Amino acid sequence: QQPVQSPQAVILREGEDAVINCSSSKALYSVHWYRQKHGEAPVFLMILLKGGEQKGHEKISASFNEKKQQSSLYLTASQLSYSGTYFCGTGLRSWGKLQFGAGTQVVVTP
Amino acid sequence: DTGVSQDPRHKITKRGQNVTFRCDPISEHNRLYWYRQTLGQGPEFLTYFQNEAQLEKSRLLSDRFSAERPKGSFSTLEIQRTEQGDSAMYLCASSGEQVLAGRDEQFFGPGTRLTVL
C-alpha cells in the first residue's frame with residue numbers, strides 16, 4: 001500500500017515556510033524524499049532511517065517519527081527554485097523497492 | 001556526466017509493436033531499479049537487480065515485460081506487443097555507494113517517455 005502524502009498542493013510566496021507530510025500504515029525502515037520538476041526525473045533530496053532521524057539539505061529539512069510511521073518535509077524560507085512536486089518513497093528494508101506517494105505540488109511565487 | 005543515463009529519451013510506437021529501453025547506471029552501482037510513472041502519480045516499482053541477478057519483480061508486471069542486466073552493468077527493459085496503457089515515463093534508478101551503511105539512496109535517470117498510438 002502506497003504512503004499517503006498531504007497536502008496535495010500548496011502555494012507559497014517566496015520566503016514562506018511549508019510542511020509536507022508522508023504517512024504509512026506499514027513499519028518502515030526508510031523514507032526517501034525527492035523533488036521533481038515538470039518533464040524531468042525525480043531528484044534525490046535525502047533519506048531518513050528508522051530511529052527518528054532528522055536531516056537537512058540547504059533550507060529543506062525532514063524528520064521521521066518511527067512510532068507514528070510518519071515523515072515530514074520542512075521547506076524553510078522558500079525560494080523560487082523549490083517549486084516542483086515532492087514525493088516521498090518508503091522502504092520496508094535496508095534495500096529494495098520504494099513505494100511512492102502521489103506527490104505534493106509546491107508552487108512558490110515571487 | 002557520471003549520473004544515470006537512459007536511451008532513448010522519447011519513443012513513439014504503434015500498438016502491438018515491441019520496444020526496448022536501455023539504462024546505464026552510475027559507475028560501480030551494483031543495484032538497478034526500473035520504475036514506471038504516469039501523469040500525476042508517483043513512480044511505481046517494476047523490477048530490481050543486484051548485479052546481474054533479478055531479485056524482485058512487481059506482480060503488476062505482465063508477461064509482456066522483461067528486463068535483463070546481463071553483465072551487471074547496463075540494463076534493458078523490453079515491452080512486447082505494446083498497448084496504449086503502456087504509455088508512461090519509464091525511469092531507471094541505481095544505488096550502491098551507501099548500501100553498506102544501510103542507506104539505499106536511489107538516483108534516477110532522465111527517463112524514457114513512451115507513447116503508444
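The values are calculated or read from the model by the stated rules, or taken from the named source; none is laboratory data. All figures in this text were calculated on a predicted structure; none of them were measured in a lab. With ideal geometry, Cβ positions are generated from the backbone for all residues, glycine too; neighbour counts draw on all protein chains shown.
Data overview
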| quantity | calculated |
| --- | --- |
| The range B:30-49, residues that are closer than 10 Å to residue B:95 by Cα and either surrounded by 19 or more Cβ atoms within 10 Å (Cβ to Cβ) or acidic (Asp, Glu) (or both) | B:31, B:32, B:33 |
| Residue match in the range A:79-90 (condition: crowded, with 20+ Cβ neighbours inside 10 Å, part of a loop (DSSP other than H, G, I, E, B) and either within 14 Å of chain B (Cβ to nearest Cβ) or among the hydrophobic types (A, V, I, L, M, F, W, C) (or both)) | no |
| Tally, over the range A:29-44, of residues that are assigned to a loop (DSSP other than H, G, I, E, B) and either within 8 Å of chain B (Cβ to nearest Cβ) or at negative phi (or both) | 6 |
| So residue A:25, is it small (Gly, Ala, Ser) and either in contact with a strand residue (DSSP E or B) (Cβ under 6 Å, 6 or more places away or on another chain) or closer than 16 Å to residue A:107 by Cα (or both) | no |
| Selection count, the range A:1-24, where residues are closer than 29 Å to residue B:59 by Cα, at pLDDT 95 or above and assigned to a loop (DSSP other than H, G, I, E, B) | 3 |
| Residue check, residue B:60 closer than 24 Å to residue A:5 by Cα and free of Cβ contacts under 8 Å to residues at least 40 places away in the same chain | yes |
| Among (1) touching a strand residue (DSSP E or B) at 6+ places or on another chain (Cβ under 7 Å); (2) among the polar types (S, T, N, Q); (3) within 14 Å of chain B (Cβ to nearest Cβ), the one test that residue A:71 misses | (3) |
| Condition met for residue B:112 (more than 20 Å from residue A:3 (Cβ to Cβ) and not aromatic (Phe, Trp, Tyr)) | yes |
| Subset of the range A:45-68 [in a strand (DSSP E or B) and within 12 Å of chain B (Cβ to nearest Cβ)] | A:45, A:46, A:47, A:48, A:49, A:55 |
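This table checks each residue for (1) within 14 Å of the chain's Cα centre (by Cα); (2) more than 8 Å from chain A (Cβ to nearest Cβ).
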position: B:41; (1), (2): no, no
position: B:66; (1), (2): yes, yes
position: B:69; (1), (2): yes, yes
position: B:79; (1), (2): yes, yes
position: B:90; (1), (2): yes, yes
position: B:96; (1), (2): no, yes
position: B:102; (1), (2): no, no
position: B:108; (1), (2): yes, no
position: B:117; (1), (2): no, yes
